[in-house]
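Reviewing the structure listed below.
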Amino acid sequence: MTPKPLDLSRGQILGFRRTVSALDARLPAGSDSLRTAAWAGLQDSMPRAALLSIHARVAGTRPESWEHPALVQVWGPRFSAYVIATEDRAVFTLGRLPEDAAGLKRAVDTADRLEAYLDGRRMTYSEAGHGMGIPPNSLRYATTTGRVLIRWDGARRPEIWTVPRPDVEPRDARNELARRFLHVLGPGTPSGFSSWAGIKPPRARSAFEDLVGDLNPVRTPIGDAWILAGDEPAFRASSPAPTDAVRLLPSGDTWYLLQGVERELLVPDPVQRGQLWTSRVWPGALLVGGETIGTWRRAEATVTVQPWRRLTPTEREAIEAEAAGLPLPGLGGPIRVCWDD
């Protein structure tokens with residue numbers, strides 16, 4: 001019997017998400033903390049975005065932390081560059097492997113051709129694609145086989161190489177990917193999972209059907225959804241963020257990697273939503289006291305902050321301190337904050 005839906009408030013939902021994402025209090029440095037920070041993957045499409053996402057969640061983050069042995073880079077959800085935990089490679093690759101015959105054949109054939117061409121070498125994906133006589137971007141299709149890794153430092157084209165396929169069934173990987181989505185971005189729906197993971201709606205629905213015994217229905221301010229049953233106590237116990245918690249989240253951070261109506265829960269004001277989720281490159285999100293209260297952008301060592309409300313002197317000092325601590329390499333000088341308010 002399906003349990004009665006639990007009513008969840010906006011505050012409970014955001015409180016839960018902040019807690020599981022370690023955005024109220026940073027985790028101690030170490031491999032376990034890096035894996036927790038990357039539980040739903042860390043988008044890295046903007047240079048060093050994943051590094052800044054790690055910094056927002058893990059204490060002692062250094063410029064080289066994104067290259068820790070506990071982490072690897074892949075073309076992840078929606079074929080974007082992602083930093084993920086090394087041991088979670090199957091989740092973010094095989095979990096998206098197409099099930100239709102044409103899509104599956106394209107993925108496997110591309111991986112086979114790439115492996116044969118590279119023959120143990122590493123090179124840029126552009127060199128590999130041109131050498132194989134195919135558009136370099138088409139090599140991204142091979143990533144869903146779990147056999148392709150990349151390295152992108154933000155300055156040059158990504159390097160690419162092949163590795164053995166993870167010994168995990170694609171269906172199991174897909175279901176675990178759905179669990180990750182629900183744990184970090186829940187409550188969620190099959191439609192939301194489909195959009196976030198970049199998989200077709202029927203596959204997203206199948207994952208929720210497979211997990212139905214582990215899911216509880218909920219009612220939220222933006223509609224009916226599902227949470228992991230094991231997460232219900234944490235939703236009920238969620239609490240307001242510390243008022244002094246300040247984070248500068250990079251473009252594409254998991255905190256606001258949302259689509260459609262889900263954005264309304266995070267940012268109720270439509271004008272502010274338009275400023276955060278632009279039609280071009282998204283700015284970073286300013287998180288203060290548990291709320292998204294503005295945007296920020298960086299040009300070399302200058303961070304420009306555009307708050308959506310009046311800030312107290314203490315909040316401004318905390319934001320400037322957070323900006324000064326961003327672990328970015330090669331800036332040539334200390335970071336300074338410019339206020340656009």
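The values are calculated or read from the model by the stated rules, or taken from the named source; none is laboratory data. This structure is a prediction, so every number in the text was calculated from the model and none was measured. Cβ sites come from the backbone with ideal geometry, for glycine too, and all protein chains shown count toward neighbours. We work out accessible area using only protein heavy atoms, side chains counted, and drop any ligands, DNA or RNA first. Shrake-Rupley method; radii C 1.70, N 1.55, O 1.52, S 1.80 Å.
A few notes on this one:
- Highest mean first, the peptides 330-339, 123-132, 42-51 sorted by other C-beta atoms within 10 Å per residue fall in the order 42-51, 123-132, 330-339.
- Per residue, the accessible area of the chain comes to 45 Å², computed with a 1.4 Å probe over protein heavy atoms only.
- Average projected area [Cα convex hull, the stretch 223-262], square nanometres: 4.4 nm²
- Rounded percent of accessible protein surface that carbon and sulfur make up, the chain, 1.4 Å probe: 52 percent
- Charge sum, other residues only, whose C-beta stays under 12 Å from Arg106's C-beta, Lys/Arg counted +1 and Asp/Glu -1: 0
- Theoretical gain in end-to-end length, Ala237 to Arg297 [0.36 nm per residue, Cα-Cα removed]: 18.2 nm
- Pairs of alpha carbons in the stretch 128-175 whose separation is greater than 17 Å (percent): 45 percent
- Inter-site label distance for Gln275 and Ser126 at 7 Å from Cα along Cβ, in nm: 3.6 nm
- Under-5 Å amide H pairs with Val148, H placed in peptide plane, nonlocal only: Val163
- Computed over the alpha-carbon atoms, the stretch 1-91 gives an Rg to Rh ratio of 1.06, Rh here being the Kirkwood radius from the mean inverse distance.
- Contour minus Cα-Cα distance for Glu64 and Ala116 (0.36 nm per residue): 15.6 nm
- When Rg/Rh (Cα atoms, Kirkwood Rh) is computed from the coordinates, the matching label among [x] 1.00; [y] 0.97; [z] 1.03 is [y].
- The string of couplings for the stretch 299-309 from the Karplus curve (6.51, -1.76, 1.60, θ = phi - 60°) is 10, 6, 9, 10, 9, 9, 10, 10, x, 9, 8 Hz, one whole number per residue in order, with x for Gly and Pro.
- Positive minus negative residues near Pro69 (Lys, Arg vs Asp, Glu; Cβ under 12 Å): -2
- For the stretch 80-121, a crude dipole built from +1 on the beta carbon of Lys and Arg and -1 on the beta carbon of Asp and Glu, taken about the Cα centre, is about 120 debye to the nearest 20.
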